[in-house]
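Novice: Before we start, here is the structure in question, set down as structure tokens.
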Amino acid sequence: QSALTQPPSASGSPGQSVTISCTGTSNDVGDYNYVSWYQQHPGKAPRLIIYEINKRPSGVPDRFFGSRSGNTASLTVSGLQAEDEADYYCSSYAAINNVVFGGGTKLTVL
Amino acid sequence: QVHLVQSGAEMKKPGASVKVSCKASGYTFTSYAITWVRQAPGHGLEWMGWITADNTTTNYAQKVQGRFTMTTDPSTNTGYLELRSLRSDDTAVYYCARITSSGWDFDYWGQGTLVTVSS
């Protein structure tokens, strides 16, 4: 199973919005509603911030927004804050009870 | 509160085996499956597989099939990942996580266990 494709880096200034893409295929992102996004700060475990394409767990600010178009999912972070600087990973169910992650995107708040 | 607490760091030689534990608390252990994810130094997340908490069903990523074994002990609310025939490229932080009941999302994570394979 191939990894999902994410840009290695993204950046934005405080208060701005940034969107991170996650491209898969019709066998994963495009075919199942189980697309998730995880935030990982250095030295920490990942944290679930978006599940089932666009749902937020309790405690996750509504500045984080998930969407999907075709085989590409996206995470938009609006009103960027310094604490949003982290690595972000997408994942998708990929049939036959498998899961695949994206390669990760390092978000820098300028 | 839900907590997943993993065992401590391990250093092993190539060809050896290691068993990492993941003790859960704060929820009904058998109601949620457990997944294992690893992260090599400076690299991204790699999904390893999952196991139902009642220890009856497993599914492994093709890359680790046959060399890694996931088990659980419902009597102690603990999940285990055993790695055999270790290679240097198995050096990574290994995370356990709980799979949500609604799908294929991982809502609570352990703190991670660093496994270093070096001669």
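The values are calculated or read from the model by the stated rules, or taken from the named source; none is laboratory data. Note that the structure is predicted; figures quoted are calculated from it, not measured. Quick reminder, even Gly has a Cβ in these numbers, built from the backbone with ideal geometry, and neighbours come from all protein chains shown. What goes into the accessible areas is simple: the full protein's heavy atoms, side chains included, and nothing from ligands, DNA or RNA. Shrake-Rupley method; radii C 1.70, N 1.55, O 1.52, S 1.80 Å.
Novice: A:Ser58 is checked against (1) part of a strand (DSSP E or B); (2) at pLDDT below 95 and fails just one. What number does that condition carry?
Specialist: Condition (1) is where A:Ser58 drops out.
Novice: Still on this model: Can you name the residue in the stretch A:69-98 that is open to solvent by 10 Å² or more (accessible area, probe 1.4 Å) and of a type in the set (A, V, I, L, M, F, W, C) and is also nearest to A:Ser17 (Cα to Cα) among such residues?
Specialist: A:Ala82
Novice: Another one. Does at least one position in the stretch A:32-40 carry a residue that is more than 11 Å from every other protein chain (Cβ to nearest Cβ) and either touching a residue at least 24 places away in the same chain (Cβ under 8 Å) or open to solvent by 40 Å² or more (accessible area, probe 1.4 Å) (or both)?
Specialist: Initially, the stretch A:32-40 is screened for residues more than 11 Å from every other protein chain (Cβ to nearest Cβ), giving A:39.
Then drop every residue that is not either touching a residue at least 24 places away in the same chain (Cβ under 8 Å) or open to solvent by 40 Å² or more (accessible area, probe 1.4 Å) (or both), which leaves A:39.
So far as the stretch A:32-40 goes, yes, one or more of its residues are more than 11 Å from every other protein chain (Cβ to nearest Cβ) and either touching a residue at least 24 places away in the same chain (Cβ under 8 Å) or open to solvent by 40 Å² or more (accessible area, probe 1.4 Å) (or both).
Novice: Please determine, by comparing only the residues of the stretch B:84-119 that are crowded, with 17+ Cβ neighbours inside 10 Å and among the charged types (D, E, K, R), which one is farthest from the other protein chains (Cβ to nearest Cβ).
Specialist: Result: B:Asp90.
Novice: Looking only at residues in the stretch B:26-48 that are closer than 16 Å to B:His3 by Cα and open to solvent by less than 50 Å² (accessible area, probe 1.4 Å), which one is farthest from the other protein chains (Cβ to nearest Cβ)? Before you say what the answer is, go through the steps one by one.
Specialist: Our first condition is that a residue be closer than 16 Å to B:His3 by Cα; within the stretch B:26-48, this holds for B:26-36.
Subsequent filtering for residues that are open to solvent by less than 50 Å² (accessible area, probe 1.4 Å) retains B:27, B:29, B:33-36.
Working: B:Tyr27: 15, B:Phe29: 19, B:Ala33: 10, B:Ile34: 13, B:Thr35: 7, B:Trp36: 11 Å.
In this case the residue turns out to be B:Phe29.
Novice: What is the residue count in the stretch B:76-119 for residues that are of a type outside the set (A, V, I, L, M) and in a loop (DSSP other than H, G, I, E, B)? Spell out how you get there, then give the answer.
Specialist: So in the stretch B:76-119, the residues of a type outside the set (A, V, I, L, M) come out as B:76-80, B:82, B:84-85, B:87-91, B:94-96, B:98, B:100-113, B:116, B:118-119.
Add one more test, that the residue is in a loop (DSSP other than H, G, I, E, B), and what stays is B:76-77, B:84-85, B:87, B:91, B:100-105, B:110-112, B:118-119.
Residues meeting the conditions: 17.
Novice: Before we move on, is A:Ala73 more than 8 Å from chain B (Cβ to nearest Cβ) and outside any loop (DSSP other than H, G, I, E, B)? If you could, list the steps in order and put the result at the bottom.
Specialist: Working: more than 8 Å from chain B (Cβ to nearest Cβ): yes; outside any loop (DSSP other than H, G, I, E, B): yes.
Criteria met by A:Ala73.
Novice: Mind listing just one residue for me: the one in the stretch B:49-68 that is assigned to a strand (DSSP E or B) and without any contact (Cβ under 8 Å) to a residue 40 or more places away in the chain and, of those, nearest to the other protein chains (Cβ to nearest Cβ)?
Specialist: Let us first name the residues in the stretch B:49-68 that are assigned to a strand (DSSP E or B), namely B:49-51, B:58-60, B:68.
Going one step further and asking which of them are without any contact (Cβ under 8 Å) to a residue 40 or more places away in the chain, we end up with B:49, B:51, B:58-60, B:68.
On the way: B:Gly49: 9, B:Ile51: 11, B:Thr58: 10, B:Asn59: 4, B:Tyr60: 9, B:Phe68: 15 Å.
Filtering the stretch B:49-68 for residues that are assigned to a strand (DSSP E or B) and without any contact (Cβ under 8 Å) to a residue 40 or more places away in the chain, the one nearest to the other protein chains (Cβ to nearest Cβ) comes out as B:Asn59.
Novice: For the stretch A:45-67, what are the residues that are open to solvent by less than 50 Å² (accessible area, probe 1.4 Å), within 17 Å of B:His3 (Cα to Cα) and either free of Cβ contacts under 8 Å to residues at least 24 places away in the same chain or more than 11 Å from chain B (Cβ to nearest Cβ) (or both)?
Specialist: Within the stretch A:45-67, A:Ala45, A:Leu48, A:Pro57 meet the criteria.
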